[in-house]
Every structure is written in structure tokens, then in C-alpha cells.
Amino acid sequence: MSKRIEGGCFCGSVRYKFPFNNYPSANCHCSMCRRLSGAPYVSWMSIPIVEFEYSQGKPTKITSSSHGARYFCEHCGSPLVCILDEDPENIYITICSLDRPQDFEPKGDIYTKDSLPWLKI
């Protein structure tokens with residue numbers, strides 16, 4: 001049996017899992033990520049959608065732009081995943097919703113031109 005990565009929301013209503021691999025990841029500094037998370041940036045990991053599965057519950061969808069949707073727990077509000085129209089083969093999960101986010105350091109930063117001026121990158 002291959003090693004699985006697991007995660008979910010703060011209250012435990014939504015859980016997910018996918019196979020362990022060296023997935024692309026980054027800290028996103030765009031204004032949508034900041035507003036939807038209430039944080040200066042969001043750390044994301046890109047997973048092939050065919051390898052990702054919910055093991056408990058389902059998140060609620062919010063259309064965050066004309067080209068994408070984000071999903072969160074309707075009970076505790078935890079942001080969990082994002083699906084972009086331009087990349088339908090992948091699902092982007094919030095690294096800090098993983099059970100062990102400390103094991104998955106983001107590999108870079110994106111949309112840094114939009115980062116807050118007081119943030120040191």
C-alpha cells in the first residue's frame with residue numbers, strides 16, 4: 001500500500017486524501033487568496049484531480065472569479081481547495097489544511113507583485 005497524504009478542515013467535517021508524491025507547490029500572494037483566507041498569502045499544492053478524493057463530507061463551493069472556484073467547510077469555514085478553469089486536470093489544496101503541513105514546504109512564491117508591502121519574501 002502506498003503512503004497517503006491526508007488533511008481536512010478545522011472541525012473534521014471534511015476530510016481528503018491523495019497519494020504521496022513530489023507535487024508542485026507555492027505561496028500565492030494574489031488579492032483573492034488574501035481576501036478569502038484573511039492571511040497575507042496562501043500556500044497551495046497542486047494535485048492531479050484523479051488522485052484526489054474526499055474521504056468524509058464534501059466542502060461548499062464559492063465561485064471566486066470568472067475562471068475558478070474555491071471550496072471550504074460550511075461548518076468551520078476552513079478554506080480547503082481551489083479548481084481553476086485553465087487547469088481542470090489539477091486541484092489545488094491549501095497546504096495548511098494537511099494533517100502534517102510541516103512536511104510540505106512550498107517551493108516558491110507566485111503573484112509576488114501583489115504581495116503586501118510589509119511582507120518580507
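Observations
- Positions within region 1-26 being of a type in the set (A, V, I, L, M, F, W, C) and either in contact (Cβ under 8 Å) with a residue 12 or more places away in the chain or in contact with a Ser or Thr (Cβ under 9 Å, 6 or more places away or on another chain) (or both), in sequence order: Ile5, Cys9, Phe10, Cys11, Val14, Phe18, Phe20, Ala26
- Hits in region 63-73 - residues which are farther than 14 Å from Cys96 by Cβ and either touching a residue at least 24 places away in the same chain (Cβ under 8 Å) or among the small types (Gly, Ala, Ser) (or both): Ser64, Ser65, Ser66, Gly68, Ala69, Arg70
- Here Val14, Val50 are screened, and the one residue that is exposed (fewer than 12 other Cβ atoms within 10 Å of the Cβ) and of a type in the set (A, V, I, L, M, F, W, C) is Val50.
- If the condition is being farther than 16 Å from Cys76 by Cα and within 12 Å of the chain's Cα centre (by Cα), then region 25-51 contributes Ser25, Ala26, Asn27, Cys28, Cys33, Tyr41, Val42, Ser43, Trp44, Met45, Ser46, Ile47.
- Yes/no for Gly7 being buried (at least 20 other Cβ atoms within 10 Å of the Cβ), at pLDDT 95 or above and not hydroxyl-bearing (Ser, Thr, Tyr): yes
- Residue match in region 98-105 (condition: touching a Cys at 6+ places or on another chain (Cβ under 7 Å), surrounded by 13 or more Cβ atoms within 10 Å (Cβ to Cβ) and not in a strand (DSSP E or B)): no
- Taking the criterion of being aromatic (Phe, Trp, Tyr) and either under 22 Å from Val14 (Cβ atoms) or under 15 Å from the mean Cα position of the chain (by Cα) (or both), the residues of region 81-121 that qualify are Tyr92, Phe104.
The values are calculated or read from the model by the stated rules, or taken from the named source; none is laboratory data. These figures come from a predicted structure and were not determined experimentally. Because the Cβ atoms are built from the backbone with ideal geometry, glycine has one as well, and the counts that use them run over all protein chains shown.
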